[in-house]
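None of the figures in this text is laboratory data; all of them are computed from the coordinates on show. Since we're looking at a predicted model, the values are computed, not measured. Reconstructed Cβ throughout: ideal geometry from the backbone, glycine too, with neighbour counts over all protein chains shown.
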Amino acid sequence: MNRKPQIAIFASGNGTNAQQIAEYFAEHQTAEVNIILYNRKEAYVATRAKNLGIEALYFKSKEFYENDAILQLLKSRGVDYIVLAGFLLKVPDYLLEAYPERIINIHPALLPNYGGKGMFGMHVHEAVIANHEKQSGITIHIIDNRYDCGTTLFQAHCTIAPEDSADDLAAKIHLLEKAYYPPVIEAFILGTPMPKEQNN
């Protein structure tokens, strides 16, 4: 039997996307979430990992940049791909070099708009609403050494109503993340066509 591709998820917060990805692959059996790594001690993603029966490991941000212990851990566990799920640290060069074109991220806007340092979570949605945009969406991309750049794999869109608040937009984005992030990761790993965007 062929070995399933192994995924490490990096997260910083609640872990909603991490859980959805893990549950998706548990059901589809095309790849496996091997470990979840997180850089905030209080991050709820650790509880989600425990409930899913997936090992979770906390690391200090300083250690992430000063040594390659994380890389050695990933290699020892046979990790093939890294998936960022609400992970707020910039990925160091040693990981980019060890996993070229194999680190995937999701951004809660239509890049190249509303990307860059400091543009994450509600900061993005507040900026989009403040500029009276008529649409937003998600961008799933391969990362490089710049914030929110790299090769775009997939985008999905949502309409913004004039009365929508940043919270309303966040709820729409969460639905897109749930619908598309796991199957896009799967398509990328398997080398199959990306899912088609459904009309919203």
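See the values below:
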| item | result |
| --- | --- |
| The range 107-191: radius of gyration over Cα atoms, expressed as a fraction of 2.2 N^0.38 Å | 1.08 |
| Phe154 long-range amide H proximity, modeled H, under 5 Å | Ile140 |
| Most to least packed among 160-169, 45-54, 133-142 [average Cβ atoms within 10 Å] | 133-142, 45-54, 160-169 |
| Convex hull volume per residue in cubic angstrom - Cα atoms of the range 1-100 | 93 |
| Relative contact order for the range 1-159, counting Cα pairs under 8 Å that sit 6 or more residues apart, in percent | 20 |
| Dipole of the chain, positive direction: furthest Cα of Ile36, Ala166, Ser76, with charges on the beta-carbon | Ser76 |
| Distance violations [Cα-Cα > 31 Å] among Lys4/Lys117; Lys75/Lys196; Lys60/Lys196; Lys41/Lys75; Lys75/Lys117; Lys50/Lys196 | Lys4/Lys117; Lys75/Lys196; Lys60/Lys196; Lys50/Lys196 |
| Listed candidates [x] 1.08; [y] 1.13; [z] 1.00 - label of the one calculated as Cα Rg over 2.2 N^0.38 Å | [z] |
| Computed helical MRE - 222 nm, the chain, DSSP H runs ≥ 4 contributing -39500 (n - 2.57), nearest 500 | -11500 deg cm²/dmol |
| For the range 107-191, size of Cβ-based charge dipole, Lys and Arg +1, Asp and Glu -1, in debye | 220 |
| Leading residue at positive end of dipole, the range 107-191 (Cβ point charges), from His132, Ile143, Pro182 | Ile143 |
| Those GluC sites (Glu not before Pro) in the range 1-84 that DSSP places in a loop and that have at most 11 other beta carbons within 10 Å | Glu42 |
